[in-house]
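Participant: Structure below; questions to follow.
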Amino acid sequence: MGNPYPSPIDWSNVAPVDRPNLDASMYVFESTGPYAGTYRAYVNSLGSSLIASSQAFFVRVSAGQGRGGLTFRNSQRIVDYQVPMRRGT
């Protein structure tokens, strides 16, 4: 998936109704250099739930489900703009 907004999203604001058949967890790859990086996870409300502007992220279809869906809403956005981009130079 990808954050379509020009502002960060807080995954903890994504309600279950907005992510049918998807687990509540999300994963982001954060690069630390060319061809290097680590995955950051938000699982069971642990970890950072923020997804930077235009950032790609991974979600998982729940066990026993064939497919899932995701609806983006303005209420999921962070608008204080004090959130770091989480990307290096």
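The values are calculated or read from the model by the stated rules, or taken from the named source; none is laboratory data. Not measured: the values here are computed from a predicted model. Don't worry about glycine lacking a Cβ; one is built from the backbone with ideal geometry, like all the others, and counts go over all protein chains shown. SASA here: full protein model, heavy atoms, side chains in, ligands and nucleic acids out. Shrake-Rupley method; radii C 1.70, N 1.55, O 1.52, S 1.80 Å.
Participant: Starting from the amide H of Leu22, placed 1.01 Å from N in the peptide plane, find each other amide H under 5 Å away whose residue is 5 or more places distant or on another chain.
Facilitator: Sorted by chain and number, the residues that satisfy this are Ser62, Gly69.
Participant: Just by accessible area at a 1.4 angstrom probe, what is the order of Leu22, Leu46, Leu70 from largest to smallest?
Facilitator: Result of the area sort, largest leading: Leu46, Leu70, Leu22.
Participant: Determine the order of Met1, Met26 by accessible area, beginning with the largest, at a probe radius of 1.4 Å.
Facilitator: Listed by decreasing accessible area, they come as Met1, Met26.
Participant: Using unit Cβ charges (K, R positive; D, E negative) and no other charged atoms, how large, in debye to the nearest 20, is the dipole of the range 1-76 about its Cα centre?
Facilitator: 140 debye
Participant: Starting from the Cα gyration tensor of the chain, take the square roots of the eigenvalues, sort them a ≥ b ≥ c, and report rounded, prolate or oblate (rounded when a/c is under 1.5, otherwise prolate if a/b is larger than b/c, else oblate).
Facilitator: Oblate shape, in that a/c is at least 1.5 and b/c is the bigger or equal ratio.
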